[in-house]
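The values are calculated or read from the model by the stated rules, or taken from the named source; none is laboratory data. What you see is a predicted model, and the numbers here were worked out from it, not measured in a lab. Note that each Cβ is placed from the backbone with ideal geometry, even for glycine, and that neighbours are counted across all protein chains shown.
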Amino acid sequence: MKINIVMVEPEIPQNTGNIARTCAITGAKLHLVKPLGFEINDKYLKRAGLDYWDKLDIEYHESLQEFLEKYKPEENNMFFASTKATHCYSDVDYTKFDEVFVLYGKETKGLPEDLLQKYIENTIRIPMKKVLRSLNLSNSVAIITYEILRQVKFEELQEISEYFEE
């Protein structure tokens, strides 16, 4: 299973650094869709990502339109994470796919409304209380990524600590 995490116009460097670290440690590919709300050499971005940057598979896209032209939603298994989504992220059967793309919007606005409406059947959400807006973006990425990995039985990931291995 190949997982692609797509960050559309991320604004907060610490979130993107944490997401990069999650991608590196899980083997997911990170896509950063411009414009970014920070410089790629931002100290907070680098600090949050620790020393994982050289272990990261990362691809940059000049715009959402460019990304969608290269990786067409109609031809790829694409999911759109949003608080406005129709399906719970854990209700999707990810095991039937060889590769998935999960798109996340910018921290202040999420994904574009027209994109969500166009692909409404592929929108996913994390359940939460009504009165609060949303989880931190990097936490949301981790939750959904690990649900996908759980469903495929943590393929290619070390499940037992080296500490306990003989």
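Number of residues in the range 74-99 that are closer than 9 Å to Ile124 by Cβ and of a type outside the set (Gly, Ala, Ser) equals 8. Counting the residues of the range 99-136 that are out of contact with any strand residue (DSSP E or B) (no Cβ under 7 Å at 6 or more places or on another chain) and in a loop (DSSP other than H, G, I, E, B) gives 14.
Once the range 57-97 is narrowed to residues that are charged (D, E, K, R) and touching a residue at least 40 places away in the same chain (Cβ under 8 Å), the residue that is nearest to Ala28 (Cα to Cα) is Asp93. Determine whether Asp114 is surrounded by fewer than 15 Cβ atoms within 10 Å (Cβ to Cβ), in contact with a helix residue (DSSP H, G or I) (Cβ under 9 Å, 6 or more places away or on another chain), over 19 Å from Ala20 (Cβ atoms) and modelled with pLDDT of 95 or more. Criteria not met by Asp114. Go through the range 1-18 and report how many residues are among the charged types (D, E, K, R) and more than 16 Å from Ile40 (Cα to Cα). Going through the range 1-18 one residue at a time, the tally reaches 1. Within the range 52-103, take every residue that is of a type in the set (Phe, Trp, Tyr) and touching a Leu at 6+ places or on another chain (Cβ under 6 Å) and give me the one that is modelled with the highest pLDDT. Top of the filtered list is Phe80.
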